Amino acid sequence: MGKGFFQVPTAVNEPIKSYAPGTPEREEVLKTYKELWNSTVEVPLYIGSEEIKTGDTTTMHPPHDHQHNLGTFHKANKSHVEKAISTALEARTKWADLEWEQRAAIFLKAADLIAGPYRSKINAATMIGQSKNIFQAEIDSACELIDFLTFNVEYMAQIYEEQPESLPGTWNRLEYRPLEGFVYAITPFNFTAIAGNLPASAALMGNVVVWKPSDSQVYSAQVIMEIFKEAGLPDGVINMVMGDPVMITDTVLASRDFSGVHFTGSTDVFKGIWEKIGKNIHNYKTYPRIVGETGGKDFILAHPSARPKQVATAISRGAFEFQGQKCSAASRVYIPKSMWEEVKGYVVEDVNSFKMGSPEDMKNFITAVIHEGSFDKLASYIDQAKEDKDAEIVVGGDYDKSKGYFIQPTVILTTNPKYSTMCTELFGPVVTIYVYEDNQWEETLKLVDDSIYGLTGAILSQDRYAAAQATKALQNAAGNFYINDKPTGAVVGQQPFGGARASGTNDKAGSKLNLLRWVSPRVIKETFVTPTDYRYPFMGE
Ligand code: NAD
């Protein structure tokens, strides 16, 4: 067969469509939304070439209209999970042996399918199943997923190109093998792009995958599987199983061939998985790779020199877009006393202008939170803030789950920098403000840094010395640090994403660093004229 050093197409960030009134994309996505809304689906397990309907099902409902029926998904029992593992392992040799450019072509094709014929479907499914407004769906399920797929192909090529030196008489080659076994991808509800990327990035590097999506994201996960199949992903490379997360995880981690976990979700769940891997460590063929991006308590810190309107906008967008359910969402804010009244005025005005309701009505900026458990938790923190002496509700504070899980965007003001909502990840449209004395800047830097998390954070300052000082003092407080911006909205290829501390292993999704976790390099040294005498010159008479 002919060979070549193929150059992959240059990755370019997918342009975000506007969906402004009168645009064709708006008409198309609304049409698809209606079609999906008025039909039901039955999501099977995808194991190899089989689509398995186990009969043990869960019904799916849009968070913004929980009585509306979207259909069901089937749940696995232990034997299905074992079958997913054995099917993945059977597919492994052929997949790992396939030329890299063939693997790349599959995922580039998937990206183009999303950019074109599947765009409205994956966006509408994300709007319905995860209650995202069209802009949030577009930047996630279309643009970010496309970017993950195309940029990862470019990063894969860069990795393969990286080769060691060779001295005369020898040739050193570095071969990037997939892991010896299978990878387990566990994905969260909040980003369709992450759901697609965690299995796809490992598969791109030649691995086979068992993928467990979140129960609250199965509706759009099925569209991802449909696209991967349409793109020509061979059967058995990515196997999707739903069901009891503990049973599925225990079954996967019990396999001798488990070689890595690619997780995104909450901190405690990840720590629990890590602990189980530790307990099973003597059973594995190879040390498993453990990659997890987890919770956050992301901050905005305003310096007295900052512009109040900019601070307010960073809060309104950074804390409330997608109902605050981004891992990067601002949830604790530090504002100097001299600025607070002005910032408060702008934020209250913004929040009172937000429209809330179904994403089908595109005037709505805010829709529902993901499920009843999240709604109840958020409502209880809001109620507590109404009671507590060291907290008050500045704006918002209402909630209503009669039709959907609607929490009014809420701003809490506290006099206690360690108040519960300043420290606990709530994952909803609730932000807490702590007002500091202007002359307490250095102490405030220490307060901001004193968090178990380290995901995202932003400093707003017109004073360059203060910005530089914060950049240094908060070096470990955030893996994605923003100057004069909101702490959300990382773009693949521009701001590789992830944090350390309790926020994750910081392997930076959408970068070469992440892909390196899914390969196990082998060095091959070849000598051209092989020595025939063991004696070295120094041993001469
Ligand atoms: P989650 O932890 O509830 O669920 C994540 C996945 O883990 C789901 O597939 C779930 O079914 C599974 N799971 C739940 N319990 C499990 C268990 N005991 N054993 C094994 N698997 C289990 O998280 P979520 O609510 O879907 O997502 C929100 C969380 O994800 C937040 O904490 C957020 O900060 C985090 N997140 C982080 C990033 C990041 O890049 N750091 C990105 C997105 C989301």
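What follows draws every value from the coordinates through simple rules; no lab data is involved. What you see is a predicted model; the values in this text were computed from it and never measured. Using ideal geometry, Cβ is built from the backbone for each residue, glycine included, and neighbour counts are taken over all protein chains shown.
Details
- Toward the positive end of the charge dipole of the chain, with +1 on the Cβ of Lys and Arg and -1 on the Cβ of Asp and Glu, the farthest Cα among Val448, Leu113, Ile433 is that of Leu113.
- Projecting the Cα atoms of Gly324, Gly357, Thr471 onto the dipole axis of the range 298-483, where Lys and Arg carry +1 and Asp and Glu carry -1 at the beta carbon, places Thr471 farthest toward the positive end.
- Take every DSSP beta bridge whose two residues both sit in the range 298-483; close to 20 percent of them are antiparallel.
- The range 139-191 shape via C-alpha gyration tensor axes, a/c threshold 1.5: oblate
- Ala111 sits among other residues whose Cβ lies under 14 Å from its own Cβ, and their net charge, with Lys and Arg +1 and Asp and Glu -1, is -3.
- Relative exposure of Phe354, Phe107, Phe135, judged by other C-beta atoms within 10 Å (fewest first): Phe354, Phe135, Phe107
- Per-residue Cβ neighbour rank within 10 angstrom, fewest leading, Glu230, Glu425, Glu165: Glu165, Glu230, Glu425
- Taking the centroid of alpha carbons for each part, the range 369-420 and the range 276-293 are 38 Å apart.
- Between the amide H of Trp211 and those of Ala185, Asn239, Met240, Val241, distances stay under 5 Å, these residues lying 5 or more places away or on another chain, with hydrogens modeled in the peptide plane.
- When the listed pairs Lys132/Lys355; Lys17/Lys121; Lys377/Lys508 are checked against a 22 Å cut-off, the alpha-carbon distance exceeds it for Lys377/Lys508.
- Out-of-range pairs (alpha-carbon distance over 32 Å; input Lys389/Lys446; Lys109/Lys297; Lys109/Lys285; Lys344/Lys418): Lys109/Lys297; Lys109/Lys285
- Beta bridges per DSSP with both ends in the range 1-109, % antiparallel, nearest 5: 70
- Sequence ranges 488-495, 288-295, 505-512, ranked by mean other-Cβ count within 10 angstrom, highest first: 288-295, 505-512, 488-495
- The rule of thumb for compact globular proteins, 2.2 N^0.38 Å, goes into the C-alpha radius of gyration of the chain 1.04 times.
- For the chain, calculated [θ]222 nm from helices alone, where every DSSP H run of n ≥ 4 adds -39500 (n - 2.57): -12000 deg cm²/dmol
- Nearest-20 debye value, the range 1-148 charge dipole, Cβ charges on Lys, Arg, Asp, Glu: 140
- By DSSP, the beta bridges lying fully in the chain are antiparallel in about 40 percent of cases.
- Rounded to the nearest 20, the size of the Cβ-charge dipole of the chain about its Cα centre is 540 debye, with Lys and Arg at +1 and Asp and Glu at -1.
- Taking other C-beta atoms within 10 Å as the exposure proxy, His371, His64, His282 rank His282, His371, His64 from fewest upward.
- Peptide packing for 29-37, 204-212 was compared via the average number of neighbouring C-beta atoms within 10 Å per residue; ordered from the highest value, the list is 204-212, 29-37.
- Nearby aspartates and glutamates by direct alpha-carbon distance to Lys83 (threshold 14 angstrom, same-chain neighbours under 8 apart not counted): Glu50, Glu51, Asp235, Asp257
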